[in-house]
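Just so you know, all these numbers are worked out from the coordinates, no wet-lab data involved. This structure is a prediction, so every number in the text was calculated from the model and none was measured. Cβ placement follows ideal geometry from the backbone for every residue including glycine, while neighbour counts extend to all protein chains displayed.
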Amino acid sequence: MSTPVGVRACFVHRRPQKLKARRHSSGRHFRPVRGDVDNFLKALLDSLQVGNGNGGGVFLDDALVCYVECYDLYAARDEGPHVEVEVFPLTSPPPGEEQ
């Protein structure tokens, strides 16, 4: 892609032992600990850029990313660690601009 893009990312980490007890819900939990989400996001955006030796790439330059939505979570009981990513073109005008 060579036009402005948005990125939605969800970093899902291994569920810690303290959340495996039955008293905690089985769903995902926010992860407010060290290992800042902005560092994970930077690594993700770099890996999605064309020409980083990754055998592909999604956009030409991470400077094209104009919108980001990101979550840093512990996994639910029935899932393992993974990253969910969605990259999409920004086609509508930015907030505050008329169409």
Exercise. Projected onto the charge dipole of region 5-89 (+1 at Lys/Arg Cβ, -1 at Asp/Glu Cβ, origin at the Cα centre), which of VAL50, ALA76, VAL7 gives the Cα projection farthest towards the positive end?
Worked result: ALA76
Seminar exercise, completed: For TYR74, TYR67, ascending order of other Cβ atoms within 10 Å (fewest first) is TYR67, TYR74
Problem set entry | MRE, 222 nm, helices only [DSSP H, n ≥ 4, -39500 (n - 2.57), over the chain, to nearest 500] | -4000 deg cm²/dmol
Seminar exercise, completed: With label points set 7 Å from each Cα along the Cα-to-Cβ direction at ASP78 and SER47, the distance between them in nm comes to 2.6
For this session: Percent of Cα-Cα pairs per 10 Å bin, from 0 to the last occupied bin, for region 5-89, please list those.
Result: 16, 42, 27, 12, 2
